[in-house]
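Undergrad: Take this structure first; my questions come after.
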Amino acid sequence: MPITRRIAWILSLGLLLITGGLGIREGITERSNGGTALQKSVTIGVVLYGVLALVSAYGLFRRRAWSVGTAIAWGLVITYVPAAAIIGYGGEPTPVGSVLAASGVVALLALGVIWTAHQVTRDKPEIASAAR
């Protein structure tokens, strides 16, 4: 594996393991705090991205192709949670810039993990490298 992919793989594994551990811990400790449906969806999302992150980390570590799908699911949930949390727990009016910034940064990180999962679980070499 080229060094750039190895670095991306290690960083992605670290991000998945950290969000997995934090998601499960925070989701369990905060489960009784949600009052509205949106607040409860944040708590469910936190637990869900925790579980998906750990499953994705396992698959990515083992370089399993299915880890791309679980990483996509993780990315969707982890992108939803900050926006829902700002809207659900924030005061009125909710600043649109805050929602976009929080979810945008998380979405970029998630795309990096998804790209890495796709790259390291491929069975066939890239067309560009095969033509060399």
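Undergrad: Which residue, of VAL105, VAL99, VAL42, is in contact with a helix residue (DSSP H, G or I) (Cβ under 9 Å, 6 or more places away or on another chain), under 29 Å from THR121 (Cα atoms) and hydrophobic (A, V, I, L, M, F, W, C)?
TA: Unique residue meeting the criteria: VAL105.
Undergrad: Let me ask something else about it. Filtering the range 94-132 down to residues that are polar (S, T, N, Q) and within 13 Å of TRP9 (Cα to Cα), which residue is modelled with the lowest pLDDT?
TA: For the range 94-132, the residue satisfying everything is THR121.
Undergrad: Looking at the range 1-32, which of the residues that are over 30 Å from VAL120 (Cβ atoms) and touching a Ser or Thr at 6+ places or on another chain (Cβ under 7 Å) is modelled with the lowest pLDDT?
TA: ARG31
Undergrad: A follow-up question, please. Which of (1) farther than 16 Å from ILE18 by Cβ; (2) surrounded by fewer than 20 Cβ atoms within 10 Å (Cβ to Cβ) does VAL68 not meet, given it meets every other one?
TA: Result: VAL68 fails condition (2) only.
Undergrad: With the requirement that a residue be among the hydroxyl-bearing types (Ser, Thr, Tyr) and farther than 19 Å from GLU30 by Cα, what does the range 80-106 give you?
TA: Result: THR94, SER98, SER103.
Undergrad: Could you please find all residues in the range 48-62 being without any contact (Cβ under 8 Å) to a residue 40 or more places away in the chain and among the hydrophobic types (A, V, I, L, M, F, W, C)?
TA: Of everything in the range 48-62, those that are without any contact (Cβ under 8 Å) to a residue 40 or more places away in the chain and among the hydrophobic types (A, V, I, L, M, F, W, C) turn out to be LEU48, VAL51, LEU52, ALA53, LEU54, VAL55.
Undergrad: Still on this structure, I have one more. When both residues are 6+ apart or on different chains and their Cβ atoms are under 8 Å apart, which pairs have a first residue that lies in the range 13-41 and is under 14 Å from VAL81 (Cβ atoms), and a second that is surrounded by fewer than 16 Cβ atoms within 10 Å (Cβ to Cβ) and not hydrophobic (A, V, I, L, M, F, W, C)?
TA: GLY34/LYS40; GLN39/ASN33; GLN39/TYR89
Undergrad: While we're here: Looking at (1) buried (at least 20 other Cβ atoms within 10 Å of the Cβ); (2) within 27 Å of PRO2 (Cβ to Cβ), can you tell me which one PRO82 breaks?
TA: Unmet condition: (2).
The values are calculated or read from the model by the stated rules, or taken from the named source; none is laboratory data. Predicted model only: the values in this text are computed from it and were never measured. FYI the Cβ positions are ideal-geometry reconstructions off the backbone, even for glycines, and counts take in every protein chain you see.
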